[in-house]
Amino acid sequence: MALLEVKNLNKSFGSVVVADHVDLNIDTGECIGVIGPNGAGKSSLFALIAGSLTPDSGAIHLDGRDISQVPAHKRVHLGIGRAFQIPQPFPGLTVFENVAAAAAFGARLPARQGHAKARDVLDRTGLIEFADRPAGSLTLLNRKRLELAKALAVNARLLMLDEIGAGLTEREVDRLVQTILSLKQDHAIIWIEHIAHALKAVADRIAVLHFGRKLLDGAPDEVMSSATVKEIYMGLGVDEAH
Ligand SMILES: Nc1ncnc2c1ncn2[C@@H]1O[C@H](COP(=O)(O)OP(=O)(O)OP(=O)(O)O)[C@@H](O)[C@H]1O
Ligand SMILES: [Mg+2]
């Protein structure tokens, strides 16, 4: 039994199919990369797992328990953390306050433990020196790190990272890769990303989504060099196509 089991998940918006019989399993210590063209249904898959979208059919199991009917805020309490594609901090609060709020409401920690958790998470994500800055003043790299920090602060066991490498410099991506690698041991991680070398450095498997269908799910090198991936990206590399 894997930590997360997505079973035969289906979801459409009218004629737009965002999940088409999707199955996905992931365990603690694993990282799955998710790729696919714009509009393939990648972020929608995260929303379905997080509970902010309701599937038309199918099931989501966490630790063997069907959580399909569990509301989104309770799924956070069960250990599902999500870093959003577009960073959504409280810009007027400090970095520390943003993460402490996630620890208080997401992990339901009392103030003292919440603050300790926030400090630990800021340390792990390289943000400790920015703890007292307003979140709205952060650079893009640090806003992406703050998304990661908030996902960690809720005591997530499953981390869903939505393009947190997008827009970063090569050097910043390398630093992010190191951070994510250090989190792999005690988390299950699903990382949607278009930066092929970053995914290859971290992911144990890569899944390919296209029109809501999972076309491939396998070893990173095999998937990235497959005819299927070349075809859906029309002969371009994953990096160039985005
Ligand atoms: N709430 C919604 N209502 C209607 N259509 C939606 C909704 N959310 C997403 N869609 C549509 O579903 C499709 C999949 O969107 P999604 O955001 O999951 O794609 P994605 O793979 O994350 O793309 P990107 O690489 O651009 O982030 C798109 O065509 C999008 O316009
Ligand atoms: Mg998306």
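The values are calculated or read from the model by the stated rules, or taken from the named source; none is laboratory data. What you see is a predicted model, and the numbers here were worked out from it, not measured in a lab. Backbone-built Cβ (ideal geometry, glycine too); neighbour counts: all protein chains shown.
Pairing residues of the range 131-146 that are of a type in the set (K, R) with residues that are modelled with pLDDT of 95 or more and surrounded by fewer than 20 Cβ atoms within 10 Å (Cβ to Cβ), at Cβ distances under 7 Å and at least 6 apart in sequence or on separate chains, gives R133/T94. Residue pairs whose Cβ atoms lie under 8 Å apart, separated by 6 or more positions or on different chains, with the first residue in the range 210-238 and modelled with pLDDT under 90 and the second assigned to a strand (DSSP E or B), are V238/I35. Just so you know, in the range 152-166 the residues that are within 16 Å of ligand 1 (Cβ to nearest atom), part of a loop (DSSP other than H, G, I, E, B) and of a type in the set (A, V, I, L, M, F, W, C) include one that is nearest to A100 (Cα to Cα), and it is I164. With respect to the conditions (1) in a strand (DSSP E or B); (2) among the aliphatic types (A, V, I, L, M); (3) within 17 Å of the chain's Cα centre (by Cα), L215 falls short on a single one, namely (3). Number of residues in the range 167-178 that are without any contact (Cβ under 8 Å) to a residue 40 or more places away in the chain and part of a helix (DSSP H, G or I) equals 8. If only residues of the range 183-194 that are part of a loop (DSSP other than H, G, I, E, B) and modelled with pLDDT of 95 or more are counted, the one that is nearest to H21 (Cα to Cα) is E193. Within the range 3-34, the residues that satisfy the criterion of being out of contact with any Lys or Arg (no Cβ under 9 Å at 6 or more places or on another chain) and within 16 Å of ligand 2 (Cβ to nearest atom) are K11, F13, V16. Of the residues contained in the range 167-187, none is found to be under 14 Å from the mean Cα position of the chain (by Cα), within 16 Å of ligand 1 (Cβ to nearest atom) and either crowded, with 24+ Cβ neighbours inside 10 Å or closer than 12 Å to R124 by Cα (or both).
Considering the range 41-71, and only residues there that are without any contact (Cβ under 8 Å) to a residue 24 or more places away in the chain and within 17 Å of D23 (Cβ to Cβ), the residue that is farthest from ligand 1 (Cβ to nearest atom) turns out to be D66. Determine, yes or no, whether F84 is in contact with a Phe, Trp or Tyr (Cβ under 9 Å, 6 or more places away or on another chain), within 16 Å of ligand 2 (Cβ to nearest atom) and more than 22 Å from D217 (Cα to Cα). Against the criterion (in contact with a Phe, Trp or Tyr (Cβ under 9 Å, 6 or more places away or on another chain), within 16 Å of ligand 2 (Cβ to nearest atom) and more than 22 Å from D217 (Cα to Cα)), F84 qualifies. Which one is farthest from ligand 2 (Cβ to nearest atom), of the residues in the range 35-59 that are among the β-branched types (V, I, T) and buried (at least 23 other Cβ atoms within 10 Å of the Cβ)? Checked the range 35-59; the qualifying residue farthest from ligand 2 (Cβ to nearest atom) is I49. Flag: S182 matches the condition of being hydroxyl-bearing (S, T, Y) and closer than 30 Å to N25 by Cβ.
Give the residues of the range 72-95 that are aliphatic (A, V, I, L, M) and touching a residue at least 12 places away in the same chain (Cβ under 8 Å), sorted by residue number.
So the first thing to find is which residues in the range 72-95 are aliphatic (A, V, I, L, M), and the list is 72, 76, 78, 80, 83, 86, 93, 95.
Within the range 72-95, A72, V76, L78, I80, A83, L93, V95 meet the criteria.
Checked against (1) closer than 23 Å to H73 by Cα; (2) touching a Phe, Trp or Tyr at 6+ places or on another chain (Cβ under 6 Å), P89 passes all but condition (2).
Return the residues of the range 1-34 that are over 22 Å from R157 (Cα atoms) and buried (at least 18 other Cβ atoms within 10 Å of the Cβ); say none if nothing qualifies.
Going residue by residue through the range 1-34, those that are over 22 Å from R157 (Cα atoms) are 8, 10-21.
If the condition is that a residue be over 22 Å from R157 (Cα atoms) and buried (at least 18 other Cβ atoms within 10 Å of the Cβ), then K11, V18, A19 are the ones that fit.
Pairs meeting the criteria (first residue in the range 21-40 and outside any strand (DSSP E or B), second residue modelled with pLDDT under 95 and within 14 Å of ligand 1 (Cβ to nearest atom), beta carbons under 8 Å, at least 6 apart or on different chains) are G36/I232; P37/I232; P37/Y233; P37/A241; N38/H242.
Scan the range 196-212 for residues that are aliphatic (A, V, I, L, M), within 14 Å of ligand 2 (Cβ to nearest atom) and in a loop (DSSP other than H, G, I, E, B) and the total you get is 0.
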